[in-house]
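The values are calculated or read from the model by the stated rules, or taken from the named source; none is laboratory data. Nothing here was measured: the structure is a model prediction, and the numbers come from that model. Note: ideal-geometry Cβ built from the backbone for every residue, glycine included; neighbour counts use all protein chains shown. Calculation scope for accessible area: heavy atoms of the full protein, side chains included, ligands and nucleic acids excluded. Shrake-Rupley method; radii C 1.70, N 1.55, O 1.52, S 1.80 Å.
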Amino acid sequence: PRSSELLDFMTQLAEMTDKLSVEITGGMGVPNVRIYNADGSWAGLAFHGVPGGHEFTSFVLGLYNASSAGQKVADEDLARIEKIKEDHHITIMVSLSCTMCPELVTSAQRIATLNPHVKTDVYDLSLFPEIKEQYNIMSVPCFFIDDDAKFHFGKKNISQLLDLLEQEEAHA
C-alpha cells in the first residue's frame, strides 16, 4: 500500500512540471524515491518511504537543491564540502513526526548535492521495523556514516556534519 501511495504522490508531483518524471524500477516492493540528475546520474539523494509530515519540506528542498543553485551555504562550509575527496554514504533514520530530523536530512542532502562523493539514504523507521530492531534504535534522528557501526543522534547542521565527515576522511 505504501508503494502505491508513493507512486501516486510522485506521479501527481511530476504532473505539475515538465522538469520531473517518474520511472518505476525494481517493481512495487519497498517504497523509495531516488533523485536523478538530468543526465541520468544519481544525485545522491534517496528517501525510503513516503515523504510526508516534517519530511515533506526536506524532500522538496532536496529536489530544489539537486536541480538548481539551491540553498545558500556559508563560504567556509562550501570550501569544506569541496575538499571531500573520499566516497561517503550517510544513512539517516527518521520519523515523520520528528521536529529535529529535517535539519539533519536537509544538511546531509545539501552536502550531497554539492559533492558527488557524498550520498544519502533517508529511512522512515515506521516502515522499516527491521532496521529499528537490528540496530536497537530508540530515538531519531539517528545516522551513521559509511558502514561505521558508530551511530550519531540529534539534529545536525551542515558544519556539524562536515566535522564528522572530516573525521571519517582522517581515518581513511
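Tell me, please, whether a residue that is open to solvent by less than 50 Å² (accessible area, probe 1.4 Å) and assigned to a loop (DSSP other than H, G, I, E, B) can be found in region 4-13.
No, there is no match, as no residue in region 4-13 is open to solvent by less than 50 Å² (accessible area, probe 1.4 Å) and assigned to a loop (DSSP other than H, G, I, E, B).
Filter region 71-88 down to residues that are over 18 Å from the mean Cα position of the chain (by Cα) and of a type in the set (A, V, I, L, M) and give me whichever is surrounded by the most Cβ atoms within 10 Å (Cβ to Cβ).
Taking the candidates together, the pick is 78.
Residues that are in a strand (DSSP E or B) and either open to solvent by 20 Å² or more (accessible area, probe 1.4 Å) or at negative phi (or both): does region 25-32 have at least one?
Checked region 25-32: at least one residue is in a strand (DSSP E or B) and either open to solvent by 20 Å² or more (accessible area, probe 1.4 Å) or at negative phi (or both).
Let me confirm something: among 117, 171, which residue is of a type outside the set (D, E, K, R) and without any contact (Cβ under 8 Å) to a residue 24 or more places away in the chain?
So the residue among 117, 171 that is of a type outside the set (D, E, K, R) and without any contact (Cβ under 8 Å) to a residue 24 or more places away in the chain is 171.
Kindly establish whether residue 53 is of a type outside the set (A, V, I, L, M) and modelled with pLDDT of 90 or more.
It is false that residue 53 is of a type outside the set (A, V, I, L, M) and modelled with pLDDT of 90 or more.
If the Cβ limit is 7 Å and pairs must be 6+ apart or interchain, which residue in region 88-113 that is over 19 Å from residue 168 (Cα atoms) pairs with which residue that is of a type in the set (Phe, Trp, Tyr) and open to solvent by less than 10 Å² (accessible area, probe 1.4 Å)?
Hits for this filter: 93/143.
If you go through region 47-73 one residue at a time, how many are within 16 Å of residue 2 (Cα to Cα) and not charged (D, E, K, R)?
8
In region 83-172, which helices (runs of 4 or more DSSP H) lie fully inside it and hold 3 or more residues that are under 26 Å from residue 2 (Cβ atoms)?
Counting at least 3 such residues, we get 101-114, 129-135.
Within region 93-105, can you find the residues that are of a type in the set (A, V, I, L, M, F, W, C), within 22 Å of residue 71 (Cβ to Cβ) and touching a helix residue (DSSP H, G or I) at 6+ places or on another chain (Cβ under 6 Å)?
If the condition is that a residue be of a type in the set (A, V, I, L, M, F, W, C), within 22 Å of residue 71 (Cβ to Cβ) and touching a helix residue (DSSP H, G or I) at 6+ places or on another chain (Cβ under 6 Å), then 94, 96, 105 are the ones that fit.
Looking at region 37-62, which of its residues are open to solvent by 30 Å² or more (accessible area, probe 1.4 Å), more than 18 Å from residue 117 (Cα to Cα) and either among the charged types (D, E, K, R) or assigned to a helix (DSSP H, G or I) (or both)?
56, 57, 60, 61
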